[in-house]
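A quick write-up on the structure given underneath.
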Amino acid sequence: MYKARLGRWTFESGNACHATLELTRPTGVVISFAWKSALSSSDRDRYTCQLLPQVLRLAVKALDELAQMAARGLELEAKGLLERVNCTEGEEIEWTLTEAGRAVLAASTGRTSLWSRIRGNPLLDWLREQLPDA
């Protein structure tokens with residue numbers, strides 16, 4: 001399951017909420033709202049007219065970024081630099097560097113070669129988390 005907080009908002013009434021996106025592959029996408037207190041009529045109006053459309057745009061952006069990251073991982077997998085590990089139906093894909101990926105990383109000056117292939121993509125942050133020395 002993929003879960004991301006989309007944002008937090010405070011209304012003029014003092015009421016506050018946050019929105020969360022949950023993706024359960026392959027069965028569904030859920031956007032949920034958690035509220036500080038019950039909504040007033042003006043809170044409901046703002047939710048309907050402003051907040052909901054904004055949250056839907058943020059959700060689409062988050063899903064687009066997730067799709068781009070997965071596509072880049074698949075490209076690197078096709079080139080033999082990454083391989084999937086611990087991948088079961090409905091779960092997140094986990095990647096690890098292959099021997100070839102480690103060789104490219106080790107051979108690159110300043111590690112720019114492999115990193116340049118994924119620059120500007122959320123996969124870079126993920127790889128840096130997976131490779132603490134990078």
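Readers should treat all values here as calculations from the given coordinates under stated rules, not as data from a laboratory. In this text, all values refer to a predicted model and were calculated from it rather than measured experimentally. Neighbour counts run over all protein chains shown; Cβ positions are idealised from the backbone, glycine included.
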How would you order 30-39, 76-85 from highest to lowest mean count of nearby Cβ atoms within 10 Å? 76-85, 30-39
Here the residues of region 12-33 lying in the modelled label zone of SER42, meaning backbone nitrogen under 13 Å from a point 7 Å along Cα-to-Cβ, are 12-15
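Hey, can you rank 93-99, 40-46 by average C-beta count inside 10 Å, highest first? Provide the component values of the computation, followed by the final result.
Numbers: 93-99: 16.0, 40-46: 13.6.
Ranked from most to least packed, the peptides come out as 93-99, 40-46.
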Karplus-derived HN-Hα couplings along region 40-45 (A = 6.51, B = -1.76, C = 1.60, θ = phi - 60°), whole Hz, x at Gly and Pro: 7, 5, 5, 4, 5, 4
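How would you order 8-14, 66-72 from highest to lowest mean count of nearby Cβ atoms within 10 Å? Present the calculation step by step, with values, prior to reporting the outcome.
Details: 8-14: 12.6, 66-72: 15.0.
In descending order of packing, they fall as 66-72, 8-14.
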Multiply the residue gap between THR27 and VAL85 by 0.36 nm, knock off their C-alpha separation, and tell me the result in nm, one decimal place. 18.7 nm
